[in-house]
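Laboratory data are not the source of any read-out in this text; all were calculated from the coordinates shown. For clarity, every value in this text was computed on a predicted model and none was experimentally measured.
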Ligand SMILES: Nc1ncnc2c1ncn2[C@@H]1O[C@H](COP(=O)(O)OP(=O)(O)O)[C@@H](O)[C@H]1O
Ligand SMILES: [Mg+2]
């Protein structure tokens, strides 16, 4: 594997074991992402894009879902070997997912700034004030007016 490959997904299989049988949502997906590369995955609804991404985050609900085969190497380490504690350090820090349904993934009671600060404080050893500064900088970076 070339050194600049950051994510190497190899023959990934994620299946759902439901009453009516086995849904082979992802069945042998392979791709690589190199440093600095952007990969777009396109496909019809239900083709397995979300299940592929959620598998990489190790957030597949089990039961009924299970990653039954393949490897996912991130920076040379198999994500499937990681403990839940190790995954928590990676999620939202090195690998992030922007979920499709804002009403279920974000809490409308909290401001955007608050929610960005929460992630920063979880992964970086900074106080509230510094976290707020970094949150504002992030919003500036993406062109939000008067963050
Ligand atoms: N919790 C689940 N139980 C059973 N089947 C599921 C579950 N989650 C997803 N699937 C199935 O996995 C397949 C792929 O879904 P998904 O990855 O969400 O598609 P896409 O994101 O490409 O629209 C679909 O057939 C979907 O019904
Ligand atoms: Mg989807």
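Where does helix 112-123 land angle-wise versus the long Cα axis of the chain, in degrees 0 to 90, nearest 10? Rounded to the nearest ten degrees, it is 70. Taking the 0 to 90 degree range and rounding to the nearest ten, how far is the long axis of helix 128-141 tilted relative to the main principal axis of the chain, both from C-alpha atoms? It works out to around 70 degrees.
Applying 0.36 nm per residue to the separation of residue 5 and residue 136 and subtracting their alpha-carbon distance, the gain on full extension is 44.0 nm.
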